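Quick notes on the structure that follows.
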Amino acid sequence: MTNRLKMALLSSIFLALLMVASAYAYVITIDGDPSEWQVSMNMTPPEDGLEEAPDSIDPSVDIAEYWATNDGLNLYYRFDTWTNTAWDNIQLVAVCMDVNPNTHVSCGANWGCDSAADFALVIDPSIGTTELLDAETCNPVPGATPDAFSANEVTEISVPFAGLGLNSTNCNFDCYVNTQIILQYGADLTEADLFPDTGYFPQQVGGGSPTSTGLVNLSASSAQPAGAFELPQALTLAATILMLVVVLSWRRALRYPR
């Protein structure tokens, strides 16, 4: 093998590794690691910066930040408390989800959700369960496999689209899952921290979502502030430039072998 061909082969291998890294930079893993989340996924109200104002409650059960994104399979949520989350003091965490604003059911009240919620992702730390519950039947959604993991002050959650009745057909570009997170730290729901404090946060999902992390539709950059240039975009640009270099190197090596 000529030196030129060797160099072109090494460049090709490096390009493949770089493209893989670029893709996986968008993947959210439920492991309590906040480094995978881009700033554009922080849904904390802009007037509060990147953190809500502290409430007059224990900071270990006080939600400071709320994050959300999605890909083709799952919704991803993340909430951070001000200090390491005190799960021993938490009765339950409920992620209330309103998928269809035309339906109103009452079972969600069992977890602190109002009648607008169609589903609730409920974490019960006393028995160590994470379940996606149907607010109409009060039962777990058959076949749904949600996940949650907490480390220090960070809690990450995934909810499968299929469990919410969403798929690429009915949620291809523009649909919303209105969401509220409830962290109950006392004996009843009068002692709970909510985000948002009232109502729901409209989380856009599907291909049109500005924070979509899908590996086909990499649209997260559209939600970034002007001038923002995060790691995935940098890797993608580098991969494109390197691809051009590799193609030119191969052509030159084949034309002028040594």
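The values are calculated or read from the model by the stated rules, or taken from the named source; none is laboratory data. A quick note: this is a predicted structure, and the numbers were derived from the prediction, not measured. All Cβ positions, even for glycine, are placed from backbone atoms using ideal geometry, and neighbour counts span all protein chains on display.
Go through the range 94-111 and give me each residue that's buried (at least 23 other Cβ atoms within 10 Å of the Cβ) and in contact with a Leu (Cβ under 6 Å, 6 or more places away or on another chain).
VAL95
I'm trying to understand the selection: among the residues of the range 85-139, which are charged (D, E, K, R) and touching a Pro at 6+ places or on another chain (Cβ under 8 Å)?
ASP88, GLU131, ASP134, listed by residue number.
Among the listed residues SER168, SER126, SER222, which satisfies the condition of being among the hydroxyl-bearing types (Ser, Thr, Tyr), more than 22 Å from ASP33 (Cα to Cα), surrounded by fewer than 18 Cβ atoms within 10 Å (Cβ to Cβ) and modelled with pLDDT of 90 or more?
SER126
Restricting the search to the range 50-106, which residues are of a type in the set (D, E, K, R) and within 19 Å of ASP118 (Cβ to Cβ)?
The answer is ASP98, and nothing else.
Quick one: LEU189 ticks every box in (1) over 19 Å from the mean Cα position of the chain (by Cα); (2) modelled with pLDDT under 85; (3) not in a loop (DSSP other than H, G, I, E, B) bar one, so which box is it?
Here LEU189 meets the rest and fails (3).
Assess whether MET43 counts as being in contact with a Ser or Thr (Cβ under 8 Å, 6 or more places away or on another chain) and of a type in the set (A, V, I, L, M).
No.
Restricting the range 77-89 to residues that are touching a helix residue (DSSP H, G or I) at 6+ places or on another chain (Cβ under 6 Å) and hydrophobic (A, V, I, L, M, F, W, C), which is surrounded by the fewest Cβ atoms within 10 Å (Cβ to Cβ)?
ALA86
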